[in-house]
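A quick write-up on the structure given underneath.
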Amino acid sequence: MTPKAKFYLSFNKILISLALILFNSTLSTTSKADFISLSGAETANNIAEIDIQKNILNIRFEISASDAKLFWPGIDDTPDIYRLAQSAKTQQSFDFQVLSGNKSIKPKLISIRVAQRKPRISPFAGQTDPRTGIKMPDFPTDKKILLTQLKYPIGGLSVLQLTPHR
């Protein structure tokens, strides 16, 4: 290979590398990422995921069957998660509210169903913290949860407060 050919090959590699870097940097402004907390919260029995898109507040609760009474105080007392889901659907209230100032915002959609617990990553689940000697909580043993999805219209609101009713 001639020196001139080596130069062009080397120059082409540099151009391709720069093009890839430029391409990746333009994609990074449009990409999304989920925040993964390593605080141990990802191993909690009940988890809420909160998302705002197009003036809609989306809240997704994963509720353990053993904690259903915390969210629906009048729910039937049964170990059957499918009967719990049916009972939760008949409840008039969900023990959670969204406020803007003194005004309560009602959800425009409520969905309750039995689902599989979403897999989460935690390098510390069930491990002993070497700094404190405290055992971190392990993942919940129940794989089925009451998946509750709420959608709230929030267009034009500047302040939101999410709180349990209690």
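On the given criteria, is SER87 in contact with a Ser or Thr (Cβ under 8 Å, 6 or more places away or on another chain), part of a strand (DSSP E or B) and more than 21 Å from GLU42 (Cα to Cα)?
no
With the checklist (1) under 20 Å from the mean Cα position of the chain (by Cα); (2) surrounded by fewer than 15 Cβ atoms within 10 Å (Cβ to Cβ); (3) closer than 22 Å to ASP51 by Cβ in hand, flag the one item ASP138 doesn't pass.
(3)
Of all residues in segment 114-135, how many are more than 18 Å from the chain's Cα centre (by Cα), within 19 Å of ASN46 (Cβ to Cβ) and assigned to a strand (DSSP E or B)?
Total meeting the criteria: 0.
Given the criterion of a type in the set (A, V, I, L, M), in a loop (DSSP other than H, G, I, E, B) and closer than 18 Å to ASN46 by Cα, identify the matching residue among ILE75, ILE110.
Only one candidate passes the filter, namely ILE75.
LYS151 versus (1) modelled with pLDDT of 90 or more; (2) assigned to a loop (DSSP other than H, G, I, E, B); (3) not β-branched (Val, Ile, Thr): which is the lone unmet condition?
Among (1) modelled with pLDDT of 90 or more; (2) assigned to a loop (DSSP other than H, G, I, E, B); (3) not β-branched (Val, Ile, Thr), LYS151 violates only (2).
Which one of THR132, THR128, THR148 is in contact with a strand residue (DSSP E or B) (Cβ under 7 Å, 6 or more places away or on another chain), of a type outside the set (Asp, Glu), farther than 20 Å from PHE71 by Cβ and assigned by TED's automatic domain parsing to the domain that holds ASP51?
Result: THR128 is the single residue among THR132, THR128, THR148 that is in contact with a strand residue (DSSP E or B) (Cβ under 7 Å, 6 or more places away or on another chain), of a type outside the set (Asp, Glu), farther than 20 Å from PHE71 by Cβ and assigned by TED's automatic domain parsing to the domain that holds ASP51.
Filter segment 77-127 for residues that are more than 19 Å from ILE52 (Cα to Cα), surrounded by 12 or more Cβ atoms within 10 Å (Cβ to Cβ) and aliphatic (A, V, I, L, M) and give the result.
ILE81, LEU84, ALA85, ALA88, ILE112, VAL114, ALA115, ALA125
How about segment 56-69: which of its residues are touching a residue at least 40 places away in the same chain (Cβ under 8 Å) and more than 18 Å from the chain's Cα centre (by Cα)? Give the steps one after another, and end with the answer.
Keep residues of segment 56-69 that are touching a residue at least 40 places away in the same chain (Cβ under 8 Å), which gives 56-66, 68.
Listed by number, the residues that qualify are ALA65, SER66, ALA68.
The values are calculated or read from the model by the stated rules, or taken from the named source; none is laboratory data. In this text, all values refer to a predicted model and were calculated from it rather than measured experimentally. Cβ sites come from the backbone with ideal geometry, for glycine too, and all protein chains shown count toward neighbours.
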